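The values are calculated or read from the model by the stated rules, or taken from the named source; none is laboratory data. Quick caveat, the model's predicted, so the values are computed rather than measured. Cβ placement follows ideal geometry from the backbone for every residue including glycine, while neighbour counts extend to all protein chains displayed.
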Amino acid sequence: MTLRELINTASYKKAFNYLYKTYYKDKKLSKDQIIEIDLSYSRFCEFLISTSEAVQDNLKIYITQPQAAAKVVDVCILDEPHDEIMTIDHFKSDALVDMEIYEALKLESYECLAHILYAINKQ
């Protein structure tokens, strides 16, 4: 599944609720700030699915957990032919939208979407 397909099939509302709970809950944000963050992510998803196709055959979005004991989820880019892992911030968001997603964890689709959106937007 590509990021574009994931955006089209996963529940955005569930993804945002998970994203908020995982990354923003402890930040003591006002209701207006939360609404603005929600709108920003929603607009970003709309932007991604409206971009033209940009297939990256050799690159995949890779979701993993660097340390089994830690609850941190890492989203990066896997270059399979070169067996190389790169940070996601070296790529423009419109180049990521048609990359296949390789998930090393057992996540629900909305959780996967939340982690990817956060990784792209934390730059």
Subset of segment 4-59 that is surrounded by 13 or more Cβ atoms within 10 Å (Cβ to Cβ) and among the charged types (D, E, K, R) - its residue that is nearest to Ala95 (Cα to Cα): Arg4
Pair list, Cβ < 8 Å and 6+ apart or interchain, from segment 102-123 residues that are in contact (Cβ under 8 Å) with a residue 40 or more places away in the chain and more than 12 Å from Tyr12 (Cα to Cα) to residues that are crowded, with 23+ Cβ neighbours inside 10 Å and among the β-branched types (Val, Ile, Thr): Tyr102/Ile61; Ile116/Ile61
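Yes/no per residue for (1) touching a Leu at 6+ places or on another chain (Cβ under 7 Å); (2) under 18 Å from Tyr41 (Cβ atoms); (3) among the acidic types (Asp, Glu):
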| residue | (1), (2), (3) |
| --- | --- |
| Thr64 | yes, no, no |
| Lys71 | no, no, no |
| Cys76 | no, no, no |
| Glu84 | no, no, yes |
| Thr87 | no, no, no |
| Ala95 | no, no, no |
| Leu105 | no, no, no |
| Tyr110 | no, yes, no |
Given (1) under 21 Å from Arg4 (Cβ atoms); (2) over 14 Å from the mean Cα position of the chain (by Cα), number of the condition Ser93 does not satisfy: (2)
Residues (surrounded by fewer than 17 Cβ atoms within 10 Å (Cβ to Cβ), within 23 Å of Ile37 (Cβ to Cβ) and modelled with pLDDT of 90 or more) located in segment 73-90: Thr87
Search result, residues across segment 91-109 that are loosely packed, with under 12 Cβ neighbours inside 10 Å and within 17 Å of Leu48 (Cα to Cα): Lys92
Lone unmet requirement of (1) surrounded by fewer than 18 Cβ atoms within 10 Å (Cβ to Cβ); (2) at pLDDT 95 or above for Met1: (2)
Any hit, segment 41-50, residues being of a type in the set (Gly, Ala, Ser) and either touching a Cys at 6+ places or on another chain (Cβ under 9 Å) or without any contact (Cβ under 8 Å) to a residue 40 or more places away in the chain (or both): yes
Hits in segment 41-72 - residues which are at pLDDT 90 or above and in contact with a helix residue (DSSP H, G or I) (Cβ under 7 Å, 6 or more places away or on another chain): Tyr41, Ser42, Phe44, Cys45, Leu48, Ile49, Thr51, Ile61, Ile63
Residue match in segment 52-64 (condition: in contact (Cβ under 8 Å) with a residue 40 or more places away in the chain, among the small types (Gly, Ala, Ser) and closer than 13 Å to Ile116 by Cβ): no
